[in-house]
Structure formats: structure tokens, C-alpha cells
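First the structure, in the form of C-alpha cells, and then the observations on it.
The values are calculated or read from the model by the stated rules, or taken from the named source; none is laboratory data. Predicted model, so just to flag it, every value in this text is computed and none were measured. A quick note on method: Cβ atoms are made from the backbone with ideal geometry, for glycine too, and the neighbour counts reach across all protein chains shown.
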Ligand SMILES: NC(=O)c1ccc[n+]([C@@H]2O[C@H](COP(=O)([O-])OP(=O)(O)OC[C@H]3O[C@@H](n4cnc5c(N)ncnc54)[C@H](OP(=O)(O)O)[C@@H]3O)[C@@H](O)[C@H]2O)c1
């Protein structure tokens, strides 16, 4: 098992849910962290908590992954000791709505494509060249079962996660001779702020997503990410699909009457 102690880990979307849980578990493993999100106050607070609790160094960064110049400038401006990123966790992402394509809002499509696809590409394009130069690194993308299946009302979200799946596979081939590993962790239902965002703050509808079943937690997914990151250098987890035990796929779940 590879030690994460002293490694530098860059996480996007670390202010909530899976990204935040990744920050907590990597901190527990003794890694130093760059934690980024748009809500700077949240990553700043998390940085303070984790550095005090685990005696590691944590740098909070305000970052909107949709903005290419912000991505390149903020990453170029990282202090020297933070610039050698060992592990990149491309987690920032969102769903917007669950509507029939022909009735859906174009603004939501722009947000999903700009964040889940273009944002992931911008961050990857900016960080991976350093890994190539050093001949080592690991990119771990947070995909989704929506990258393997399409479901009604999810046309654009599923398209973005299919794109993440393709980018993951392609990048893995591009860096095969560079000592860089590329993995994707693809969850089913995880109870985070995801559904609140998807349903534009309709908390009742968000809660109903998980009615009658026990969903995954951000920590469950973060544990899968830690497993990928701690494989010995000769082994790579290409893809890990993780679901609640009562979810078989995007369509079939077993829910208890409540
Ligand atoms: N929850 C699920 O059921 C589920 C299932 C499969 C896959 N996923 C994937 O898991 C990832 C994390 O989602 P989550 O479930 O943890 O949801 P979440 O709790 O809503 O967290 C999403 C994170 O992404 C960040 N983010 C959103 N837009 C961003 C932007 N433009 N720039 C930078 N950061 C941005 C948010 O931070 P700020 O708002 O502070 O910027 C937040 O930290 C996403 O890629 C999602 O597609 C989730």
C-alpha cells in the first residue's frame, strides 16, 4: 500500500459532499492539501479544521473551474511548495434539473457542460503537464453511473459524465508512458448537496430522492478514492463503480415503505 503521508493532493469542489469527505480522509492519511471551490469561506474553514486536527498543511483556494483564466492563473500562482501536485481529484460537478430534453432549460445545460466537462478539462490541462515533467502523478476523476447509463430527464448530465468517462480513458492512454495513473470513481446515489443543487433548492424533492433507502455517503466514495490512491505504483484502478446496496443501476432501486 502506498503511503499518502506528505503527498500534495489538489481537490476541486472541496466545499461540500464527496470533495469535502476526500479532503477529510486524505488529511487523516497525512497528505497536504490544496482544497478549492467557489465558496471560499467554506474551504477556508475546512482548511483550518483539518490542519489543526491532523497537523498537515492545507491551502484553501477560491476557484471556479468554469473560468479557464482563473484556473490557469490560480494554479500558476500556487506557492512553490504547493506546485508539485502528486494527486489531482477532479470532483467539482453538478446536475441541474431532471426534465425532458425538449422542455429543459438551456442555462442548466451550460452550467453542467461548463463545470463537469470543460472545468475538468481546464484543471487537468493545467495540472497534468507538471506531472508529466516529474514523471509521476495520479488523476482521479469523480464520474458517475450516469457515465455508463442514460436515464430519462438526465440527457445532458449523463452526456457530461459519459464525457468524463471518455476523457478518463483517453488521458490514461496519453500518459501511459509518463508514470501517471488515471482512475475514475463512479458512484450511484450519494446523499450530499447534489440533489439540492439539482432541484434548485427544493429540499423536499431533494430529500425524496433518498426516500426509503440508505444512500451512499460522501465518506463511502472518499474511501474508494483513497483505495485508488494507495495502490502500489505498478497497479492502477481504472474504474470503480460504487452503489448503495439497494441500487442495482440508474433505474432499479429497492425502497422500503416509510
Ligand atoms: N451525489 C450523487 O449522487 C453523485 C453521484 C455520482 C456522481 N456525483 C458527482 O460527485 C461530484 C461531487 O458532487 P457531490 O455529490 O459531492 O455534490 P455537492 O455536495 O453539491 O458538491 C459539489 C461540489 O462541487 C463544487 N462546484 C460546483 N460547481 C463548481 C464550479 N463551477 N467551480 C468549482 N467548484 C464547483 C461545489 O463547490 P462550490 O459550490 O463552493 O463551488 C461543491 O464543493 C460531482 O462531480 C457529481 O457529479 C455525485
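Couple of notes before you dig in:
- Looking only at region 46-82, residues that are over 19 Å from residue 125 (Cα atoms), outside any helix (DSSP H, G or I) and touching a helix residue (DSSP H, G or I) at 6+ places or on another chain (Cβ under 7 Å) come to 5 in all.
- Looking across 6, 19, one residue alone is on the phi > 0 side of the Ramachandran plot and either within 11 Å of the ligand (Cβ to nearest atom) or outside any strand (DSSP E or B) (or both). It is 6.
- Residue count for region 35-59, restricted to those that are closer than 15 Å to residue 87 by Cα and within 13 Å of the ligand (Cβ to nearest atom): 2
- Scan of region 157-180 for residues that are touching a helix residue (DSSP H, G or I) at 6+ places or on another chain (Cβ under 6 Å), over 21 Å from residue 111 (Cα atoms) and either crowded, with 21+ Cβ neighbours inside 10 Å or free of Cβ contacts under 8 Å to residues at least 24 places away in the same chain (or both), ordered by number: 180
- Residue 94 in contact (Cβ under 8 Å) with a residue 40 or more places away in the chain and either out of contact with any strand residue (DSSP E or B) (no Cβ under 8 Å at 6 or more places or on another chain) or assigned to a loop (DSSP other than H, G, I, E, B) (or both): yes
- Note on region 220-234: residues that are farther than 13 Å from residue 2 by Cα, away from the ligand (no atom under 11 Å from the Cβ) and touching a residue at least 40 places away in the same chain (Cβ under 8 Å) amount to 1.
- In region 99-110, the residues that are surrounded by fewer than 18 Cβ atoms within 10 Å (Cβ to Cβ) and either within 12 Å of the ligand (Cβ to nearest atom) or not in a loop (DSSP other than H, G, I, E, B) (or both): 101, 102, 103, 106, 107, 110
- Residue that is surrounded by 15 or more Cβ atoms within 10 Å (Cβ to Cβ), over 29 Å from residue 85 (Cβ atoms) and at pLDDT 95 or above, where the choices are 154, 218: 154
- Answer from 183, 136 - the residue that is away from the ligand (no atom under 14 Å from the Cβ), surrounded by fewer than 21 Cβ atoms within 10 Å (Cβ to Cβ) and over 22 Å from residue 114 (Cβ atoms): 136
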